[in-house]
1. Look at Leu51 and say whether it is farther than 17 Å from Pro124 by Cβ and crowded, with 17+ Cβ neighbours inside 10 Å.
2. Tell me which residues, restricted to segment 1-27, are hydrophobic (A, V, I, L, M, F, W, C) and either modelled with pLDDT under 95 or touching a Lys or Arg at 6+ places or on another chain (Cβ under 6 Å) (or both).
3. If I ask for residues that are closer than 12 Å to Trp8 by Cβ and assigned to a strand (DSSP E or B), which ones from segment 48-92 would you list?
4. Being at pLDDT below 95 and under 13 Å from Cys55 (Cα atoms) is the filter here; which residues of segment 67-90 pass it?
5. Which condition breaks for Glu67 when tested against (1) farther than 17 Å from Val5 by Cα; (2) surrounded by 14 or more Cβ atoms within 10 Å (Cβ to Cβ); (3) of a type in the set (Asp, Glu)?
6. Do you know which residues across segment 85-123 are over 14 Å from the mean Cα position of the chain (by Cα) and touching a residue at least 60 places away in the same chain (Cβ under 8 Å)?
7. Pick from segment 1-38 the residues that are within 10 Å of the chain's Cα centre (by Cα) and in a strand (DSSP E or B): which of them is nearest to Glu64 (Cα to Cα)?
Amino acid sequence: MKIAVIYWSQTGNTQAMAEHILAGLKGAGADADMFSVSEISPEDAAQYGVLLLGCPAMGAEELESEEFEPFYTRLEGLIAGKTVGLFGSYDWGDGEWMRLWKDRAQAAGLAVKDTLIVNMNDDPAAACGEFAKLFA
């Protein structure tokens, strides 16, 4: 099953996570592509069998509102029943944005297999590799 890794990143931390996840998927033999949200439409993203979606915590622990939120809102209406993984980086808080995002995804009918959050000061390589193995 073809996998899409789709992310939004402001400082590069979530992009680095996406790159490590893609490397882990490909290293395990998975057929996977990576896109920033500006590079793929929700309709094209919905054609993938599995979606790994990345967005860092923003503001008061929420999804980025200008680009990622509109993309995700359109996407979630197209992918009910699909397997997804959610990932992102954070610098403060306790991961509330990810818990809220997971709850929202499940309420929309998405099959959330796992989530991953990494503090922006930590090296994401090992955690992202393990996350990728769950989907490969």
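The values are calculated or read from the model by the stated rules, or taken from the named source; none is laboratory data. Not measured: the values here are computed from a predicted model. Don't worry about glycine lacking a Cβ; one is built from the backbone with ideal geometry, like all the others, and counts go over all protein chains shown.
1. On the way: farther than 17 Å from Pro124 by Cβ: yes; crowded, with 17+ Cβ neighbours inside 10 Å: yes.
Spelling it out, Leu51 is indeed farther than 17 Å from Pro124 by Cβ and crowded, with 17+ Cβ neighbours inside 10 Å.
2. Taking segment 1-27 and keeping what is hydrophobic (A, V, I, L, M, F, W, C), we get 1, 3-6, 8, 16-18, 21-23, 25.
Once the filter is applied, which keeps residues that are hydrophobic (A, V, I, L, M, F, W, C) and either modelled with pLDDT under 95 or touching a Lys or Arg at 6+ places or on another chain (Cβ under 6 Å) (or both), segment 1-27 yields only Met1.
3. Listed by number, the residues that qualify are Leu53, Gly54, Met58, Phe87, Gly88, Ser89.
4. Ser89, Tyr90
5. The one condition Glu67 does not meet is (1).
6. Met120 - this is the single residue of segment 85-123 that is over 14 Å from the mean Cα position of the chain (by Cα) and touching a residue at least 60 places away in the same chain (Cβ under 8 Å).
7. Tyr7
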